[in-house]
Amino acid sequence: MKQYEAVIETMRRLGGVATLGQLNLEVFKIEDCEWHTKTPFASIRRIVQLDRNIYKIKPGLYGLKAMRREIEERGYIVETAKNKDSRAMDSFNHSYYQGLLLEIGKMKGLSTFVPQQDKNKKFLDKRLGDLSTMKKIPQYSYKRLVDRSSTVDVIWFNERQMPHSFFEIEHTTDIQNSLLKFNDLQDFHVKMVIVADERRKEEFAGKMRYLAFADLLRERRVSFLNYDLLAQQYEWEVKRQTLPFVL
C-alpha cells in the first residue's frame, strides 16, 4: 500500500474525519505500508495538504471528499465568508479548539477543566466533559475568585491543583469580556491566553491598550494565540508522545 493510500484508509477507519495529530498516531497501524523516510510526519502533512481526495475543514482537521456530505451532516462544516459568523460555526469552532487545548494539557501531564455549560459539547466524537480530567474546579482560592474562573473556556492545573493556564476562545464574541475576566484573576501566577483567528489580532492589541488593562499590558500577562499555531502545537505534542526520549 502506498503512503497516501494508508492515510486515506486511516481516515476512513476514523469515520472520514481526523486531526493531523490522530493521523500521526494511527496511520502506522496500517501494516502493509512502509514509511522509508526520516520525516514521516512531514510526509503525512504533505499528503493531507495536497491529495485531491482530502479537504481541509479547519486548522489541523481534515476530511475525505468522498464522505463530505455525511461529514457535513455530522456538523463538520468548512468555514466560508458566508457562515463564518454564524452561531453554528461559532459553536463548532469553540468546542473544537477547547478539545485541542484539553488534549494538549493532558499530554503535558496537567489536569484540565472545562466549564459546566460546555461539558456536553463535542470535540469530534467525544464529549468535552469526558476529555476533561477534572469534573469539578478545585477550590484553590477565595470562592469569588474560583467562581470567576469557573467560566474560563479551558483551564490547565498543575499537580498542586493550582491554575497553570487560562484560555479563552474568541471566534465572534467580544474579546474585552475575556480581558475583564483575566484582569480580575491577574494576581495568580498563571498564563493567560486569548485564542482566536489571526484576523482578530489587531482587535486584541487595541483592546489591550485600554486604560483598564494597563497592568495586563505593562506586565505582558496576556498572550494571543491564533488557530493555526494552536493546531501546530497540538500536532507537536502528539509527535512528542511517539519519541523514545524527550529532553
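The values are calculated or read from the model by the stated rules, or taken from the named source; none is laboratory data. From a predicted model like this one, the values you see are computed outputs, not experimental measurements. Cβ coordinates were reconstructed from backbone atoms using ideal geometry, including for glycine residues, and neighbour counts include every protein chain displayed. SASA here: full protein model, heavy atoms, side chains in, ligands and nucleic acids out. Shrake-Rupley method; radii C 1.70, N 1.55, O 1.52, S 1.80 Å.
For the reader, a short list of remarks on this structure follows.
- Near pairs, Cβ below 6 angstrom, 6+ apart or cross-chain, from region 1-18 (of a type outside the set (A, V, I, L, M, F, W, C)) to any residue that is part of a loop (DSSP other than H, G, I, E, B) and at pLDDT 95 or above: Tyr4/Asp51
- Among the residues of region 169-188, those identified as closer than 17 Å to Tyr97 by Cα and open to solvent by less than 20 Å² (accessible area, probe 1.4 Å) are Ile169, Glu170, His171, Ile175, Ser178.
- Residue under evaluation Phe245, criteria (1) of a type outside the set (S, T, N, Q); (2) more than 30 Å from Ala42 (Cβ to Cβ); (3) over 19 Å from the mean Cα position of the chain (by Cα); (4) open to solvent by 30 Å² or more (accessible area, probe 1.4 Å), criterion not met: (2)
- A single member of Glu202, Glu159, Glu168 is over 19 Å from the mean Cα position of the chain (by Cα) and either closer than 15 Å to Thr112 by Cα or of a type in the set (Val, Ile, Thr) (or both), and it is Glu159.
- Any hit, region 12-31, residues being modelled with pLDDT under 90, surrounded by 20 or more Cβ atoms within 10 Å (Cβ to Cβ) and among the small types (Gly, Ala, Ser): yes
- For region 189-207, taking the residues that are in contact with a helix residue (DSSP H, G or I) (Cβ under 6 Å, 6 or more places away or on another chain) and under 20 Å from Gly105 (Cα atoms), the one that is surrounded by the fewest Cβ atoms within 10 Å (Cβ to Cβ) is identified as Met192.
- Qualifying residue in region 60-68 (condition: touching an Asp or Glu at 6+ places or on another chain (Cβ under 7 Å) and small (Gly, Ala, Ser)): yes
- Subset of region 149-185 (residues that are assigned to a loop (DSSP other than H, G, I, E, B), polar (S, T, N, Q) and touching a residue at least 60 places away in the same chain (Cβ under 8 Å)): Thr172, Thr173
- Segments classed as helices (runs of 4 or more DSSP H), wholly inside region 63-145, with at least 2 members that are of a type in the set (Phe, Trp, Tyr), free of Cβ contacts under 8 Å to residues at least 60 places away in the same chain and open to solvent by less than 100 Å² (accessible area, probe 1.4 Å): 87-107
- Test for Arg240: is it of a type in the set (D, E, K, R) and either modelled with pLDDT of 95 or more or closer than 25 Å to Asp85 by Cα (or both): no
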